[in-house]
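Engineer: Submitted below is the structure of interest, expressed as structure tokens.
The values are calculated or read from the model by the stated rules, or taken from the named source; none is laboratory data. All values reported here derive from a predicted model rather than from experimental measurement. All Cβ positions, even for glycine, are placed from backbone atoms using ideal geometry, and neighbour counts span all protein chains on display. Surface accessibility is based on the protein's heavy atoms, side chains included, excluding ligands, DNA and RNA. Shrake-Rupley method; radii C 1.70, N 1.55, O 1.52, S 1.80 Å.
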Amino acid sequence: MTTSLNTARAAQTPPALTTRVRQGIGERIAPYAYIAPFFLIFAVFGLFPLLFTFYVALFDWNPIGEHVFIGFGNFSRLFDDARFWNAAGNTISIWLLSTVPQLVLALGLAHLLNHARLRLAVFFRMSMLVPYITSVAATTIVFAQMFDRDYGLLNWLLGFAGVEPIDFKQSVWGSHVLIAVMVTWRWFGYTTLLYLASLQAIPRAIYEAAAVDGAGGWKQFRHISIPSLRPVIVFTIVTSTIGGLQIFTEPLLVSRSAPLTCGPIRQCQTLTLFLYEQGFGQFQFGYGAAIGVALFVLVVAVATLNYVLSTRIRPER
């Protein structure tokens with residue numbers, strides 16, 4: 001009897017209504033299906049390695065032997081290790097020396113390219129990408145020669161001022177400056193183009209109205225350009241922070257004699273180099289994973305702080 005009633009009700013349901021119901025379900029599911037590949041790829045190649053790193057950090061992990069659970073033993077060892085604090089200090093120093101000048105230089109150059117009437121303006125704008133597409137190894141070779149103690153161009157110029165030759169690669173601050181210059185030279189063009197594209201989206205009428213009201217170039221730059229660039233400035237600050245604190249290739253290539261320590265006194269060894277040395281150089285995977293967790297916490301903390309501070313830039317009303 002019940003089967004007969006259900007059959008009768010199904011027969012009474014209009015086909016058009018059934019089709020609309022199916023289409024409605026499909027429309028609700030479709031957006032999730034479109035974004036599902038990203039989340040699947042992120043889960044496999046992003047989230048799982050991150051969680052597995054936290055897991056390995058709790059073990060004395062031998063890649064070909066036993067895995068002994070030691071809890072937070074690796075982290076206790078980490079905080080007592082002077083090499084870790086040296087690498088953390090080098091990382092923050094190189095990040096500050098490279099990120100701040102890079103963003104300031106890119107912002108000023110973008111403002112100049114946006115307002116100056118230059119011939120071959122497109123050529124100058126496209127040339128900003130040349131450092132970005134240049135090999136890091138080639139960049140390191142060139143700058144290492146320029147900063148060389150005996151035959152470097154920079155020491156040759158300093159000699160005219162009576163300054164003794166500086167061994168940039170063997171001193172702490174010298175190696176930091178060398179690496180920071182390489183990072184700045186590589187990324188400032190890319191950042192400049194981001195700022196320039198955003199500046200060109202600002203209506204010229206706003207600048208013309210400000211000029212009529214008596215605002216000079218500096219006031220226009222301060223009260224119109226910078227607040228209008230707020231989203232891009234926040235983006236570049238956060239991405240530069242993430243990239244700068246994970247710097248690896250430049251310090252690895254600076255010191256050829258001791259690449260993993262970046263010199264005999266670890267003068268430019270960053271946290272990523274220290275991680276690689278402990279994990280893949282000495283096969284202490286648990287300790288290396290603990291360094292990776294500490295680096296992750298540092299990146300998140302500094303990036304969040306930069307985001308909070310940079311969002312205080314408010315558009316002019």
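Engineer: Rolling a 1.4 Å sphere over the protein heavy atoms, what is the accessible area per residue of region 249-317, to the nearest Å²?
Structural biologist: 49 Å²
Engineer: In percent, what relative contact order does region 26-181 have, based on Cα pairs under 8 Å that are 6 or more apart in sequence?
Structural biologist: 15 percent
Engineer: While we're on this one: Based on the Cβ-Cβ distance of Tyr151 and Leu298, what FRET efficiency does E = 1/(1 + (r/R0)^6) give at R0 = 51 Å, to the nearest 0.05?
Structural biologist: On the way: r = 38 Å, r/R0 = 0.74.
So the FRET efficiency works out to roughly 0.85.
Engineer: Could you compute the FRET efficiency for Val44 and Ile206, with r as their C-beta to C-beta distance and R0 at 41 Å, rounded to 0.05?
Structural biologist: Given R0 = 41 Å and the Cβ-Cβ separation, E is 0.30.
Engineer: Let me ask something else. Tell me, what is the percent relative contact order of the chain, built from C-alpha pairs under 8 Å that lie six or more residues apart? Mind showing how you got there, number by number?
Structural biologist: Details: 334 pairs, mean separation 80.1, N = 317.
Relative contact order comes out at 25 percent.
Engineer: Write down the radius of gyration of region 147-249 and its Dmax, each obtained from C-alpha positions, in Å.
Structural biologist: For region 147-249, the Cα-based Rg and Dmax read 20.0, 56 Å.
Engineer: Compute the angle between helix 82-115 and the longest alpha-carbon principal axis of the chain, please, reported from 0 to 90 degrees and rounded to the nearest 10.
Structural biologist: 80 degrees
Engineer: Moving on to the next point. Leaving out ligands, DNA and RNA but keeping every protein chain, what accessible area does Phe39 have, in Å² rounded to the nearest 10, with a 1.4 Å probe?
Structural biologist: Accessible surface of Phe39 is approximately 110 Å².
Engineer: Ignoring everything except DSSP H segments at least 4 long, calculate the 222 nm mean residue ellipticity for the chain; use -39,500 (n - 2.57) per segment, divide by total residues, nearest 500.
Structural biologist: Rounded to the nearest 500, the figure is -21500 deg cm²/dmol.
Engineer: Would you mind telling me the share, in percent, of accessible area of the chain contributed by carbon and sulfur at probe 1.4 angstrom? Could the numbers behind the result be given before it?
Structural biologist: On the way: 13170 of 19200 Å².
So the carbon and sulfur contribution to the accessible surface is 69 percent.
Engineer: Please give the helix 172-200 orientation as an angle from the longest Cα principal axis of the chain, in degrees from 0 to 90, rounded to the nearest 10.
Structural biologist: 50 degrees
Engineer: Run the quick spin-label model on Tyr34 and Ala121: label points 7 Å from Cα toward the beta carbon, then report their separation in nm to one decimal.
Structural biologist: Taking the simple label geometry, Tyr34 and Ala121 are separated by 3.6 nm.
Engineer: Using a 1.4 angstrom probe with every protein chain in place, what is the largest-first accessible-area order of Met128, Met146?
Structural biologist: On the way: Met128 30, Met146 70 Å².
Most to least solvent-accessible, the answer reads Met146, Met128.
Engineer: With springs only between Cα atoms under 10 Å, which of Leu178, Leu120, Leu305 fluctuates most in a Gaussian network model of the chain?
Structural biologist: Sorting by GNM fluctuation, first place goes to Leu120.
Engineer: Using the Karplus curve 6.51 cos²θ - 1.76 cosθ + 1.60 with θ = phi - 60°, what ³J(HN,Hα) values do you get for each residue of region 306-311, in whole Hz, with x for Gly and Pro?
Structural biologist: Ordered by residue, 3J(HN,Hα) equals 5, 5, 5, 5, 6, 6 Hz.
Engineer: On average, how much area does the Cα convex hull of region 158-317 cover when viewed from any direction, in nm²?
Structural biologist: Values: hull surface 54.0 nm².
Seen from a random direction, the Cα hull of region 158-317 projects 13.5 nm² on average.
Engineer: So if the hydrodynamic radius of the chain is defined as the Kirkwood radius over C-alpha pairs, what does Stokes-Einstein give as its diffusion coefficient at 4 °C and 1.567 mPa s, in µm² per second?
Structural biologist: The calculation lands on 54 µm²/s.
Engineer: Using a cut-off of 13 Å between beta-carbons, work out the net charge of the residues near Gln170 (Lys and Arg +1, Asp and Glu -1, Gln170 not included).
Structural biologist: For residues surrounding Gln170, the net value is +1.
Engineer: Expressed as an acute angle from 0 to 90° and rounded to the nearest 10, what is the orientation of the C-alpha long axis of helix 15-42 relative to the principal long axis of the chain?
Structural biologist: Between helix and principal axis, roughly 20 degrees.
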